[in-house]
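The values are calculated or read from the model by the stated rules, or taken from the named source; none is laboratory data. Everything numeric in this text was worked out from a predicted model, so none of it was measured. Because the Cβ atoms are built from the backbone with ideal geometry, glycine has one as well, and the counts that use them run over all protein chains shown. All accessible areas refer to the heavy atoms of the entire protein, side chains included, with ligands and DNA or RNA removed. Shrake-Rupley method; radii C 1.70, N 1.55, O 1.52, S 1.80 Å.
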Amino acid sequence: MPAAWFDPPVISSVPLSPEVLPVAADGVLVPTPDGHRVTYRLPIPYFAPLWAPLVRRRARRIERAADAGRPLPKGVPWWAPPAPFDARTSEGLAGLCLISLLWSYGGGTLSLLSLTLPYAADAYSVGNRALATGLAVVRAGVLLALVVGPLADRFGRRRLVLWAAIAHCLLAASIGLLPTFELYIGAHVLLRCIDTALAIAIGVLVAQLVPAGSRAIALSLVGLAAGGGIALATVSLPLAASGRAGFAAVYLLQLLAIPLILHAARYVPESPRFLRHAREPHHYREALTGRYGRRLRLLGGATFLAAIFTAPILEFTTRYLSDAHGFSALEIAVFLVVTGGPSVPMVIVGGRLADVVARKRVGIPLVFAATLAYAGFYLASGFWIWPLATAGAMCGSAGGAALAPYGSELFATRIRAEAQTLTLAMGVTGSAAGLGIVAALSGSIGLGDSIALLAVMQVAALAVLAVSFPETARLELEQTSGESEPGPP
């Protein structure tokens, strides 16, 4: 007989599906003389070390199951997105996360402007009223974004992300060198315009790239990365407090981000959804009228009411700790790290629950709890400010992550960035109103009491959301927005 008849059967390698080996790409179960071995790659540039131990542990479970002849493990673990990403999406999301981390150091909601308020007051010899007025004026930068923001709908999300991120770094680096408070605030107005357009373009691009069942968790990852930038800014506070040169230096550090942004942009694709709708007309008029106009009024109204309360909380934390509790720069940094640290994993928790359970059932109770905690923080003294600030940060992070997808989900692709820009403009109007109210009341009833009084506005915003917003979890953007034909990402 031919010798080949006696050769042992060849056992081929088995490709591993995302349900068996999540997050990884090109997963294969390979039989070897010593047992089974799993090979794979992690398509997560920059952040692969965060997932590598988790994926490695899953791979070892697969090997043990195969060696014992048991079924391979399935089911989505807690660390994986509920709906799996393909390799290209994972790479693009990682690139956008790195860009978010880098630009959030000097921009965004809780930026150097907010964190360095006490030191800006010293550098430019201004008081609480001038600071509050300046912060309200900076909010006008969002109104300028009404011109820049829609460019993402017209020319592409990726292109705007790249150029806005570079412009942000160049402008932010120069701000600390400006000689007067008026120029300092004016530059921040322009920076806020750029940052608003950048944040919207990143959020829209992420929402359009990822699967419907993982939209909230993907936006949460971007938000978590932005929190890393805020953490870097927080660490720089002692340098900002060291004098005028240190104050300028913390802004100049933003220049270091430019090479990394250019590298990350190589992984970021343009949204196929944008490419499909690129030739359609893009007008603010559509976002302001008809069914989208009604949705804009509801979303913008809720955002306006919430911002009246949240803006003073974010902008005056360091000033309140410095003035009302006598915290030094180092003590403020420690406080922000200790009370804000537990909120980091809550961003992921909130996003995941929103994808698996529901947006409103998760987000509304958590944001309500955060509202009570933050109001208590500004009314309490001594030891109690620590647990209250921690609870506010944790619940606010989780609740905000759960509700964040609404901005992208309620509007058609052709006007998605325009609608978000208009919504943000309404939110900025609310921010200016809240800061103006605090400026008017702080002299008579105190800074803490004037901020806590505004908590009723946040509660009103939650009421609007509970009554009027649809549930959108796990639905394609074409379904949530009402566009005619569903399609792949």
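Of note:
- Matching residues in segment 285-295 - criterion: being open to solvent by 40 Å² or more (accessible area, probe 1.4 Å), out of contact with any Leu (no Cβ under 7 Å at 6 or more places or on another chain) and closer than 22 Å to residue 207 by Cα: 286, 291, 294
- Selected residue (only one of 446, 434 is on the phi > 0 side of the Ramachandran plot and open to solvent by less than 40 Å² (accessible area, probe 1.4 Å)): 446
- Helices (runs of 4 or more DSSP H) fully within segment 278-383 counting 1 or more residues that are among the aliphatic types (A, V, I, L, M), within 22 Å of the chain's Cα centre (by Cα) and within 24 Å of residue 225 (Cα to Cα): 290-324, 329-340, 343-356, 359-379
- Scan of segment 328-342 for residues that are open to solvent by less than 40 Å² (accessible area, probe 1.4 Å) and either over 16 Å from residue 376 (Cβ atoms) or β-branched (Val, Ile, Thr) (or both), ordered by number: 329, 332, 333, 336, 339, 340, 341
- Against the list (1) open to solvent by less than 60 Å² (accessible area, probe 1.4 Å); (2) at pLDDT below 95, the condition residue 58 fails is (2).
- Scanning segment 171-222 for residues that are part of a loop (DSSP other than H, G, I, E, B) and in contact (Cβ under 8 Å) with a residue 24 or more places away in the chain returns 176, 177, 180, 210, 211.
- Against the criterion of being in contact with an Asp or Glu (Cβ under 9 Å, 6 or more places away or on another chain) and at pLDDT 80 or above, residue 156 qualifies.
- Residue 72 being touching a strand residue (DSSP E or B) at 6+ places or on another chain (Cβ under 9 Å) and either within 16 Å of residue 172 (Cβ to Cβ) or surrounded by fewer than 24 Cβ atoms within 10 Å (Cβ to Cβ) (or both): yes
- Qualifying residue in segment 274-283 (condition: hydrophobic (A, V, I, L, M, F, W, C), at pLDDT 90 or above, in contact with a Lys or Arg (Cβ under 8 Å, 6 or more places away or on another chain) and open to solvent by less than 70 Å² (accessible area, probe 1.4 Å)): no
- Looking at 298, 237, just one residue is at pLDDT below 85 and either surrounded by 20 or more Cβ atoms within 10 Å (Cβ to Cβ) or under 25 Å from residue 461 (Cα atoms) (or both), and that residue is 237.
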